[in-house]
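Some notes on the structure that comes next.
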Amino acid sequence: MVKWVIGNWKMNGLSGSLEEAAKIAEGAGAHSASVVSMVCPPATLLARMAEKCAGSALSVGGQDCHAAEAGAHTGDVSAEMLVDAGAVAVILGHSERRTDHAETSGQVKAKTEAAWRAGLTPIVCVGETEAERDAGKAEAVVEAQLAESLPDILPAQQREDLIVAYEPVWAIGTGRVPTEADIAAMHLKVRQHLEARYGQPGRTVPILYGGSMKPDNAASIMKIANVDGGLVGGASLKADSFLAIASAGATAANG
Ligand code: PGA
């Protein structure tokens, strides 16, 4: 099975970073038989990065979109605009958006439908806080986020219908990662949810792990059952660490 390595650059990157993306694009070709490589840069870099990486093994995605196609929404970007800029996917419901912008799962669901409307692959993020995990509520929280963030019906005939990313909030940017057993247990829960919800197509929806994935832990995480790749923040900003993770993905895909 192919693995996914999706870089989430968050609010990082100026024009100079396009050179780093070009290096990633060049190196990604070596793994393209078994790894899908993507970078989601800030919106200001999207079109230029898409142009720079056209024809390479690196695709680009957005980090958020508005649910509407166009209109009076100052500062927002629609899914159609992301497509127009060259994006093939969009991250939705990242915990930083849920926290910084009080985004609800209901809004994430509307954005997921907007992504489908525009022809983008939604990468829907879920994950518990540390307090929720300590209280024994991690699985219930993730289950509720999936139930409310994902639409009931998958669209037919999409290139990639849906990607889900499990990102424990306490593991993001902290250098801390859950145990392999905890990742396995949560990814199995997500898989069971997707199968119960969507039937057969739910079996192949990629489920990515996110939260302090680095070159030194990527191979062991991506070998875990139901882990189809990683959504990578900090380690995706530099070509050498992005490509080391892609290489780990190739090992996991072929091993
Ligand atoms: P991190 O971020 O890899 O820097 O922990 C992951 C994410 O927030 O997607």
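Read-outs: derived from the displayed coordinates by stated rules, not from any lab. Every value quoted in this text rests on a predicted model; they were computed, and no experiment measured them. Heads up, the Cβs are rebuilt from the backbone with ideal geometry, glycines too, and the neighbour counts pull from every protein chain shown.
Electrostatic tally near Asn217: other residues with Cβ closer than 14 Å to its Cβ, Lys and Arg +1, Asp and Glu -1, net 0.
Placing +1 on each Lys and Arg Cβ and -1 on each Asp and Glu Cβ, with no other charges, gives the chain a dipole about its Cα centre of roughly 420 debye. Couplings 3J(HN,Hα) of region 25-33, computed from phi: 4, 5, x, 5, x, 5, 10, 5, 6 Hz, in residue order, whole Hz [Karplus 6.51 cos²θ - 1.76 cosθ + 1.60, θ = phi - 60°; x for Gly and Pro]. Using θ = phi - 60° in the Karplus curve 6.51 cos²θ - 1.76 cosθ + 1.60, the 3J(HN,Hα) couplings for region 190-204 round to 5, 4, 4, 4, 5, 5, 5, 7, 10, x, 3, x, x, 6, 10 Hz; x is entered for Gly and Pro. In region 73-222, the C-alpha radius of gyration followed by the widest Cα-Cα span (Dmax) gives 15.3, 44 angstrom. Measuring between their Cα centroids, region 79-152 and region 180-243 lie 15 Å from each other. Scanning residues 5 or more positions from His66 or on other chains, those with amide H under 5 Å from its amide H are Val77, Ser78, Ala79, with H placed 1.01 Å from N in the peptide plane. Projecting the Cα atoms of Asn226, Val169, Leu146 onto the charge dipole of region 122-255 (Cβ charges, centred on the Cα centre) puts Asn226 farthest toward the positive pole. Around the amide H of Glu128, modelled in the peptide plane, lie the amide H atoms of Val169, all under 5 Å away and 5 or more residues distant in sequence or on another chain.
In this structure the amide hydrogen of Lys137, modeled in the peptide plane, comes within under 5 Å of no amide hydrogen from residues 5 or more places off or on another chain. Which aspartates and glutamates have a Cα lying under 14 Å from the Cα of Lys3, excluding residues fewer than 8 positions away in the same chain? Output for Lys3: Glu160, Asp228. Using every pair of separate Cα atoms, the Kirkwood estimate puts the hydrodynamic radius of region 4-90 at 13.2 angstrom. A simple spin-label model places pseudo-atoms 7 Å from Cα toward Cβ; at Ala144 and Leu188 they are separated by 2.4 nm.
Counting pairs of alpha carbon atoms under 8 Å apart in space and at least six apart in sequence, what relative contact order in percent does region 145-244 give?
Numbers: 135 pairs, mean separation 29.5, N = 100.
In percent, rounded to a whole number, it is 30.
Given Cα pairs under 8 Å that are at least 6 residues apart, what percent is the relative contact order of the chain? If you can, show how the numbers build up before the last one.
Details: 534 pairs, mean separation 56.0, N = 255.
Result for the chain is 22 percent.
Taking θ as phi - 60° and the Karplus parameters 6.51, -1.76 and 1.60, the scalar couplings of region 231-236 work out to 9, 10, x, x, 6, 8 Hz in sequence order, x denoting glycine and proline.
Averaging 1/r over each pair of different alpha-carbon atoms in the chain and inverting the result gives 17.9 Å, the Kirkwood hydrodynamic radius.
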